[in-house]
Amino acid sequence: MSLDGIFLSSIKNDLYNKLLRGRVDKIYQPDKNEIVIGIRNTGKNYRLLMTAASNSPRIHLTGITNKNPMEPPMFCMVLRKHLTGAHIVDIKQINFDRILEITFECKDELDTTVYKSLIIEIMGKHSNIILINSQTKTIINSIKRVTENMSSVRQVYPGAKYVIPPEHNKLNPLKTTDKIFYDALKKPNEGKLIYNYFYKTFTGLSPFISKEICCLADLNESTYIGELKVEQREKLWDAFKHIFDKVKANDYLFNIYLDENLQQQDFYCIDALHMGYFEKKHYDNPGILLDDYYNELDNKNKINQRTANLIKNINTKIQRDSKKMKSEEMNFLMPKTEKSIRYMGILLLQI
């Protein structure tokens, strides 16, 4: 998935610049895994999309309007109760992982100021949208509930304490110095490919950006760490630092990469050298890019599904007609006496 910690950082920056101090106006739930929040700020209206769908989890500002159900689902009603009229006071990325927390200043039943957070975890099939009390870290509700029967590692349900997903002892790339970087390379990694090493060692890195680090360092991504020379390790650090200097400076460039048939291949927020053979479609912000990318993907999936259904129906009819033809051939080839005997047998059964 190209929507990794780096891309989420670019989204966080976009949301922070446009939504901070904004007021929650409307909340909708067009789909069982999707939330849309209408926010008004500095005289402008924004639509914040969050989806925990396993095949397309994401959060961004959207210009697409989807049809809403006549009756709002339970989670939507909970969000309306707690967040309508609230103001956004903070937007942060947790540990540079694919987790974004939006904190709201709200009023309770006694008109006392309280703080609540909406957390979206972009974790494939484990993606979730969770409303918590910011001060006590208690879960108020979530779009997906995870009980002890479903996971012994981490539960998500009303009343439970919110804990972040396991980090597997990964390093935060924003806090990584040259010493930390070189020390990590010295650990028992000789049998690891440098391509795998990066996204398995650092939080928020994807295979996409791991390939880019290798490309910038002019190294084959299938090189083993144990084979690296001192100057090659230095090149890897320079490439790694180059990318995260851009991240720290919010220096992003949004592209969708297209093949020779203009079919979408990937997207990212940094101009990728290793994607140089592909056509690029440039965007000014991550929201428009993701709207276009997933709208195209949805249309393609719908066409593929319709095609699959059509092929299935055609094959079913072919098989049915084939059986009819075989039956008719058997009747045609059957001797007349045999046909007469069968016909008499049918008549006797009817009598």
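The values are calculated or read from the model by the stated rules, or taken from the named source; none is laboratory data. Everything quoted here is computed from the prediction, not taken from an experiment. Cβ coordinates were reconstructed from backbone atoms using ideal geometry, including for glycine residues, and neighbour counts include every protein chain displayed. Just so you know, the surface numbers come from the protein's heavy atoms only, side chains and all, with ligands and any DNA or RNA stripped out. Shrake-Rupley method; radii C 1.70, N 1.55, O 1.52, S 1.80 Å.
Just a few scattered comments:
- Of residues in the range 76-99 being touching a strand residue (DSSP E or B) at 6+ places or on another chain (Cβ under 7 Å) and of a type in the set (S, T, N, Q), the one surrounded by the most Cβ atoms within 10 Å (Cβ to Cβ): Gln93
- Total residues in the range 42-87, condition under 19 Å from Asn17 (Cβ atoms), among the polar types (S, T, N, Q) and out of contact with any helix residue (DSSP H, G or I) (no Cβ under 8 Å at 6 or more places or on another chain): 2
- Residue list for the range 151-191, filter: in a helix (DSSP H, G or I), open to solvent by 50 Å² or more (accessible area, probe 1.4 Å) and not acidic (Asp, Glu): Leu174, Lys175, Lys179, Ile180, Tyr182, Lys186
- Against the test of being open to solvent by less than 30 Å² (accessible area, probe 1.4 Å), among the β-branched types (Val, Ile, Thr) and in contact with a Phe, Trp or Tyr (Cβ under 7 Å, 6 or more places away or on another chain), the options Ile209, Ile194, Ile213, Ile122 yield a single qualifying residue, Ile213.
- Screening the candidates Ile288, Ile243 for the property of being within 23 Å of Met123 (Cβ to Cβ) and either under 23 Å from the mean Cα position of the chain (by Cα) or loosely packed, with under 14 Cβ neighbours inside 10 Å (or both) yields one hit, Ile243.
- Residue in the range 59-68 that is open to solvent by less than 70 Å² (accessible area, probe 1.4 Å), closer than 15 Å to Leu118 by Cα and outside any loop (DSSP other than H, G, I, E, B) present: yes
- Boolean, Ser2 is open to solvent by 40 Å² or more (accessible area, probe 1.4 Å) and of a type in the set (Gly, Ala, Ser): no
- Glu148 being surrounded by fewer than 15 Cβ atoms within 10 Å (Cβ to Cβ), part of a loop (DSSP other than H, G, I, E, B), touching a residue at least 24 places away in the same chain (Cβ under 8 Å) and on the phi < 0 side of the Ramachandran plot: no
- Filter result (within 22 Å of Asn33 (Cα to Cα) and not basic (Lys, Arg)) within the range 130-144: Ile130, Leu131, Ile132, Asn133, Thr138, Ile139, Ile140, Asn141, Ser142, Ile143
- Against the numbered list (1) closer than 22 Å to Ile6 by Cα; (2) acidic (Asp, Glu); (3) open to solvent by 70 Å² or more (accessible area, probe 1.4 Å), Glu227 comes up short only at (1).
- The range 16-41 - residue that is closer than 19 Å to Cys106 by Cα and not in a strand (DSSP E or B) and, of those, most open to solvent (accessible area, probe 1.4 Å): Arg21
- Within the range 96-114, the residues that satisfy the criterion of being outside any strand (DSSP E or B) and under 18 Å from the mean Cα position of the chain (by Cα) are Phe96, Asp97, Arg98.
- Subset of the range 246-284 that is touching a residue at least 24 places away in the same chain (Cβ under 8 Å) and polar (S, T, N, Q) - its residue that is surrounded by the fewest Cβ atoms within 10 Å (Cβ to Cβ): Asn250
- Of the residues making up the range 115-145, those that are in contact with a helix residue (DSSP H, G or I) (Cβ under 9 Å, 6 or more places away or on another chain), in a strand (DSSP E or B) and among the hydrophobic types (A, V, I, L, M, F, W, C) are Leu118, Ile129, Leu131, Ile140.
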